[in-house]
Amino acid sequence: MGTAPQHHSTSDDPTPHLRIVGIGAGPANLSLAALLHGDAAQPHRFFDRKADFTWHDDQLITGATLQVSIFKDLVSLSDPTNRFSFLSYLHEHGRTYHFLNAKFAEVPRTEFRNYLAWAARSNENIAFGESVERVDFDGVFHVTTDRRRVTADNLAVGVGTVPWVPDFVRPHRGPTQFHVSEHLSRSKALGGKRVAVVGGGQSGAEAFLDLLSRPESERPQRVVWISRRRNYFPIDDSTFTNDFFMPDYSDYFFRLPEAKRSELISAHLLASDGISESTLRAIYQELYRLQFIERDEHRFGLLPNRTVTAADRAGGGAWELTLHHNDEPDQTQCLAVDAVVWATGFRPAPKPFLEPLLDRMATEHGEFRVDEDFAAEWDGPPDRSIFVQNAVRGQRGLPDVNLSLNAWRARRIADRLRGRPAADPAMSFIEWSAKHARETQWTL
Ligand SMILES: Cc1cc2nc3c(=O)[nH]c(=O)nc-3n(C[C@H](O)[C@H](O)[C@H](O)COP(=O)(O)OP(=O)(O)OC[C@H]3O[C@@H](n4cnc5c(N)ncnc54)[C@H](O)[C@@H]3O)c2cc1C
């Protein structure tokens, strides 16, 4: 790499030619922007279409906590002296001692969101309220936003995910059937209603707990929690499982054949997509309180191991959900409810701005195929890269979509831009591969 910046920008735009343009400024690209900050050899600009930084704000339910260590902030695991660390945020706001004395077992998600917003706001290379609409290439990338055109040698695509609901729900989405990403705004109207929460992950658990523990005037008449999983399973946050979220496992995983990778994603799903132990306990205690102390056992229903296959209109503005039992295939249940909260997950966001380049980019099962530095394989020059963040779970495994390897992945990209060899990954205690095995070397 190391191509000197050229000057290709359009005459109506004062932005000089850039080394890299970031599309999206969620945690993934914010991390890269933080690592590049102050490096005059890497002029860059990141655009986000949101007017201002938010982080799943409509799911910031009181009591929601971060599911990873606070060290998994934007930079600490790859550049601990970087000014955009969580510690730096605490220091700048005069709350380091208070944070320590608070002894949070899990950090409030709102505090992490506020940290991210501070990092976004205090980085002058990030522009909010600017949507990237199109990217063309003629030796450099021409990035068209809704405000200007800029040119760059490289792109970092970090547009994250979008809410997903089953096809049969799409025509009905609105005030009484909504995705959990709209929970706080939409659920205000659910007092006195019969509500179903569909989805057995962390978001579904938080929505269920929130609805059940509201004051009487705002509490639904009944809340039923439906999950396809056999039970309400916890996240596996134990020591060796967490080694799956280390750089050397990510590299090992990347080199496995595609069929093996997809098998491992299914096998280890709960390492990433299970429910926090603290949330499960809070729910269980709430159920105890309702059933045995308030004697209000009709307030809730628990229906795991069921798949919702239809949501049809019933009389009086209600909905009828059809549920199939997974172990008893001849059993179908119908459930009448007034509202449904779909906590059915997120999928990679569409990237329509890449349309002009799509036929030049390699794909694998709907993902852009990437090299080991997260650069998409394409037929362009090798020193012009399209890096993709949080969009290759099939190739990089479960950590690709969460915060665990955010700082490390961004460092890989930054090292590639700087023409440096990738920083050595921290090695797990575990020898994942039999190739280049440490044991074998010792015994030779
Ligand atoms: C409620 C919730 C809680 C989570 N909590 C945790 C947790 O505790 N621990 C963990 O490890 N992970 C967690 N995750 C998972 C993951 O960390 C987050 O989803 C994270 O936000 C992903 O970051 P991102 O930058 O890839 O995407 P996003 O945060 O989705 O950011 C993408 C950005 O791209 C912008 N964008 C999209 N298209 C364009 C365009 N054309 N032009 C300009 N900008 C564009 C969007 O406006 C958006 O700001 C959580 C996810 C959710 C939904």
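The values are calculated or read from the model by the stated rules, or taken from the named source; none is laboratory data. Here the structure is a predicted model, which means the values were calculated and not measured. Because the Cβ atoms are built from the backbone with ideal geometry, glycine has one as well, and the counts that use them run over all protein chains shown.
For the stretch 115-126, the condition holds for at least one residue, the condition being that it is among the hydrophobic types (A, V, I, L, M, F, W, C), part of a strand (DSSP E or B) and within 21 Å of the chain's Cα centre (by Cα).
The rows are residues; the columns are (1) assigned to a strand (DSSP E or B); (2) within 16 Å of the ligand (Cβ to nearest atom); (3) assigned by TED's automatic domain parsing to the domain that holds Thr145; (4) touching a helix residue (DSSP H, G or I) at 6+ places or on another chain (Cβ under 7 Å).
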residue	(1), (2), (3), (4)
Leu155	yes, yes, yes, no
Pro171	no, no, no, no
Phe178	yes, yes, no, yes
His183	no, yes, no, yes
Arg186	no, yes, no, no
Ala189	no, no, no, no
Gly192	no, no, no, no
Ala196	yes, no, no, no
Gly200	no, yes, no, no
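Note on the stretch 202-240: among residues that are small (Gly, Ala, Ser) and not in a helix (DSSP H, G or I), the one that is farthest from Leu303 (Cα to Cα) is Ser238. Of all the criteria given as (1) under 30 Å from Asn406 (Cβ atoms); (2) more than 11 Å from the ligand (Cβ to nearest atom), the one not satisfied by Ala207 is (2).
Residue-wise test of (1) surrounded by fewer than 18 Cβ atoms within 10 Å (Cβ to Cβ); (2) among the charged types (D, E, K, R); (3) away from the ligand (no atom under 16 Å from the Cβ); (4) at pLDDT below 95.
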residue	(1), (2), (3), (4)
Thr3	yes, no, yes, yes
Ser11	yes, no, yes, yes
Asn29	no, no, no, no
Arg49	yes, yes, no, no
Thr54	yes, no, no, no
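Annotation note: of Arg416, Arg409, the sole residue that is in a helix (DSSP H, G or I), in contact with a helix residue (DSSP H, G or I) (Cβ under 9 Å, 6 or more places away or on another chain), of a type in the set (Lys, Arg) and closer than 24 Å to Ala25 by Cβ is Arg409.
Inclusion of Gly394 among residues that are in contact with a strand residue (DSSP E or B) (Cβ under 9 Å, 6 or more places away or on another chain), on the phi > 0 side of the Ramachandran plot and among the small types (Gly, Ala, Ser) is not warranted.
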